[in-house]
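The values are calculated or read from the model by the stated rules, or taken from the named source; none is laboratory data. In this text, all values refer to a predicted model and were calculated from it rather than measured experimentally. Here Cβ is always computed from backbone atoms with ideal geometry, including for glycine, and neighbour counts include all displayed protein chains. The area values use the complete protein model at the heavy-atom level, side chains included, leaving out ligands, DNA and RNA. Shrake-Rupley method; radii C 1.70, N 1.55, O 1.52, S 1.80 Å.
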Amino acid sequence: MTSDDHRPLTLRDVSEASGVSEMTVSRVLRNRGDVSQATREKVLEAAKALGYVPNKIAGALASQRVNLVAVIIPSLRNMVFPEVMSGISRVLEETELQPVVGVTDYLPEKEERVLYEMLSWRPSGVIVAGLEHTDASRAMLKASGIPVVEIMDTDGTPIDSAVGISHRRAGREMARAILKQGYQRIGFMGTKMPLDHRARKRFEGFTEALAKHGVEIAEHEFYSGGSALAKGREITKAMLERDPELDFLYYSNDMIAAGGLLHCLDAGIDVPGQIGLAGFNGVELLDGLPKQLATMDACRTEIGTKAAEIIAARVENPNAELEKVVELTPKLTLGDTLRRR
């Protein structure tokens, strides 16, 4: 095996294989210029046979942009974000744009590093989860000169555009639904708080609505672990041991709520008669539980779809007039765990 076997392929290789000039090959691969269909097919077949991939960085030197969209999310283990990504991918696959994912683990300083690296590749747009960033991250996003869509949250002022739901409103709506069904002694369990700003805002909206009716949170538990069934079982057991008189438990997400439900069923606790439960996110994976959880759909796929549509429209026409903030409305599902009067 010679060193040439590992040599990067060039336009000249495709030119020699297809029998046309390098300039024509370049035009075909960039989908530019007046080239006959027969010649175009010949070039594309030769490039495919060789395994040639155009150097987009070199091609970007003139435009200062590559056809990548930086998508920065806090977690790949959280089932929320794969659905957001599916919405983004479905829209972008109809364009020349490709999503590239960076993960922050809910850490602002890691988001800063990921953002710095991604922007150094001069993407065509950025989709980033949340409205809270470090000063350095906000400065980079503002100075990027490209479309920026902050997703999942509308409780704040976006740098450019935002697509999501109002988490404070979601918390208030859940509180009203719980009170309407007659529950009064309420416990709350939240994961990734206070780093998960959206869970924090739901908690704020929730406690605000309860307070308006003279009700305070009787027990709460915040922890920094992942969203797991085992953790839900553990913290539910501990909370009910501390306060057996609790009649409702509100969880920051469906996974720990599902763990709480399984603990209650194993312990012979009547749900929702003795105690009611509710989560957040509307995770379809949990549809097979013995009882359907009360929850609220976070419009995940819709958020990804709309964010990608904004990026694609702005790349196509930088002067396109689009909504600055797109607020979606989540749907409350009472399920089997929120007693109906």
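How much length would be gained if the chain were fully extended between Arg7 and Glu93, taking 0.36 nm per residue of separation minus their Cα-Cα distance, in nm to one decimal? Kindly include the intermediate steps, with their values, before the conclusion.
On the way: separation 86, 0.36 × 86 = 30.96 nm, distance 3.04 nm.
Length difference between fully extended and current span is 27.9 nm.
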* Kirkwood Rh, the chain, all Cα pairs: how many Å? -> 22.6 Å
* For the stretch 269-341, with every protein chain kept in place, what is the accessible area per residue (1.4 Å probe, Å²)? -> 52 Å²
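Heavy-atom accessible area per residue, the stretch 107-255, 1.4 Å probe: how many Å²? Let's see the in-between values first.
Details: 6170 Å² over 149 residues.
With all protein chains present, the stretch 107-255 gives 41 Å² per residue.
Can you give me the % of accessible surface on the stretch 65-139 that is carbon or sulfur? Probe 1.4 Å, all protein chains present, nothing else counted.
Answer for the stretch 65-139: carbon and sulfur cover 53 percent of the accessible area.
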* So what is the relative contact order for the chain, in percent, with contacts set as C-alpha pairs under 8 Å and at least six apart? -> 16 percent
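Assuming a viscosity of 0.692 mPa s and a temperature of 37 °C, what translational diffusion coefficient in µm² per second does Stokes-Einstein assign to the stretch 231-341, Rh being the Kirkwood radius over Cα pairs? It would help to have the intermediate numbers written out before the result.
Working: Rh = 15.9 Å.
It comes out at roughly 207 µm²/s.
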* Of all the accessible heavy-atom surface of the stretch 209-293, with the other protein chains kept in place and a 1.4 Å probe, what percent is carbon and sulfur? -> 49 percent
* Asked: Separation between the Arg138 and Asn317 pseudo-spin-labels, each 7 Å from Cα along Cα→Cβ, expressed in nm?
  -> 3.2 nm
* Structure fact -> With a Förster distance of 25 angstrom and the Cβ-Cβ distance between Asp105 and Thr329, calculated FRET efficiency to the nearest 0.05 equals 0.25
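Work out the FRET efficiency for Arg30 and Ala228 from their Cβ-Cβ distance, taking R0 = 45 Å, and round it to the nearest 0.05. Can you show the working numbers first?
Values: r = 48 Å, r/R0 = 1.06.
With R0 = 45 Å, the Cβ-Cβ based efficiency is 0.40.
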